[in-house]
Amino acid sequence: MLRNYITTSDPERLLSARDTLAVLRFTANPPQPESVIDTRVELLSEIDGLPNSAYEVWQIESGSVEHGNDLGCAWRRSADLQFCSVSMPLQQGDDFEATAYAVYDQLLSFINASPHPELVRFWNYIPNINVGAGDSENYKRFCAGRLRAFTKHQLDDLQFPAASAVGHYRDGITVYALTTATSAEHHANPRQVDAFKYPRQYGLSSPSFARATTLELGEQRLCFISGTASILGHSSVHQDDLRLQLYTTNDNILYLLKETSFKRSQVRTLRVYLRNKSDFEECNRIVKELFPDTEVLFTHADICRSDLLVEIECFCVAS
Ligand code: 3EB
């Protein structure tokens with residue numbers, strides 16, 4: 001019913017197919033003219049082994065996709081699922097709080113008015129994510145604006161879906177969302193404090209996301225595991241040790257699979273966000289050991305806590 005894969009095919013051709021739900025661009029190259037961006041997110045930089053530009057495609061198995069651009073949102077949807085995206089340049093004075101609020105307000109207004117209002121997953125891409133000290137760090141300001149928008153739209157902690165929030169190399173904030181016409185269920189990780197309950201030291205406003213979100217679509221069950229990192233309780237562990245950070249991340253993913261009743265063999269694709277390109281070879285080796293049968297996309301991205309080297313998200317299917 002839903003699958004994703006990486007390709008270097010022509011994006012216009014991909015977008016013209018009736019079963020394409022989303023096309024996301026991964027590249028360090030400058031963005032293409034806005035007019036060709038259609039739920040296509042310009043992201044990260046090249047890593048050895050990946051071509052300059054690759055596209056992640058989300059494809060439905062049957063039925064067809066409609067698309068449009070409304071209320072500042074580019075969207076594509078099938079009978080069950082919808083991808084929508086908003087990109088905004090930073091507002092005056094690089095105000096990440098105001099821009100995050102504006103992006104989320106626009107996205108949530110669109111989603112609430114759409115026939116697919118149930119939140120499944122957000123992906124957040126934030127420039128210079130670790131710049132700024134203490135509460136002024138760009139990521140923490142982003143969290144404040146995001147939470148203010150969720151609150152305005154009357155969404156509270158237990159309604160936050162899975163998410164990832166990482167750096168990218170564009171000037172503005174890009175957020176895209178997956179939503180559904182049916183219902184979704186959000187899950188916690190027993191080894192980690194819920195992000196929306198992180199203590200004050202991580203910022204005035206906590207990050208608004210669940211550790212995983214599942215949904216049922218016909219015969220299929222889907223699981224979206226949030227960006228997962230080397231965090232136990234609320235603390236980052238194994239600073240400066242990529243191998244141990246990956247093992248802890250893997251353990252966290254295993255707990256989430258158990259929590260959501262998925263098996264490791266049902267993890268279809270991984271996306272790895274890696275802070276330092278120089279870690280790529282070691283990271284690739286360890287991830288292949290841990291997930292030998294899974295398709296992996298490696299991307300070069302800063303992680304939202306400056307002491308984290310790597311973050312991994314998963315898409316799982318049970319049928
Ligand atoms: C963490 O567990 C690591 O702010 O949306 C992971 C996934 C992280 C999503 C977000 C942040 C977010 O806190 C960071």
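Side notes on the structure shown:
- Test: residue in region 108-115 that is within 23 Å of LEU21 (Cα to Cα) and either aromatic (Phe, Trp, Tyr) or within 12 Å of the ligand (Cβ to nearest atom) (or both): yes
- Meeting the requirement of 2 or more residues that are without any contact (Cβ under 8 Å) to a residue 60 or more places away in the chain, the strands (runs of 3 or more DSSP E) wholly within region 132-237 are 184-187, 212-217.
- Members of region 200-232 found to be at pLDDT 95 or above, open to solvent by 10 Å² or more (accessible area, probe 1.4 Å) and away from the ligand (no atom under 11 Å from the Cβ), listed by number: ARG200, GLU216, ARG221
- Members of region 177-199 that are within 14 Å of the ligand (Cβ to nearest atom) and of a type in the set (Val, Ile, Thr): VAL193
- When residues of region 108-131 are limited to those that are of a type in the set (A, V, I, L, M) and either under 11 Å from ILE173 (Cα atoms) or part of a helix (DSSP H, G or I) (or both), the one most open to solvent (accessible area, probe 1.4 Å): ALA113
The values are calculated or read from the model by the stated rules, or taken from the named source; none is laboratory data. Given the structure is predicted, the values throughout are model-derived calculations rather than measurements. Ideal geometry is used to build each Cβ from the backbone, glycine not excepted, and the neighbour counts take in all protein chains shown. Ligands, DNA and RNA are stripped out before the accessible areas are found, and what is left, the full protein with its side chains, is counted by its heavy atoms. Shrake-Rupley method; radii C 1.70, N 1.55, O 1.52, S 1.80 Å.
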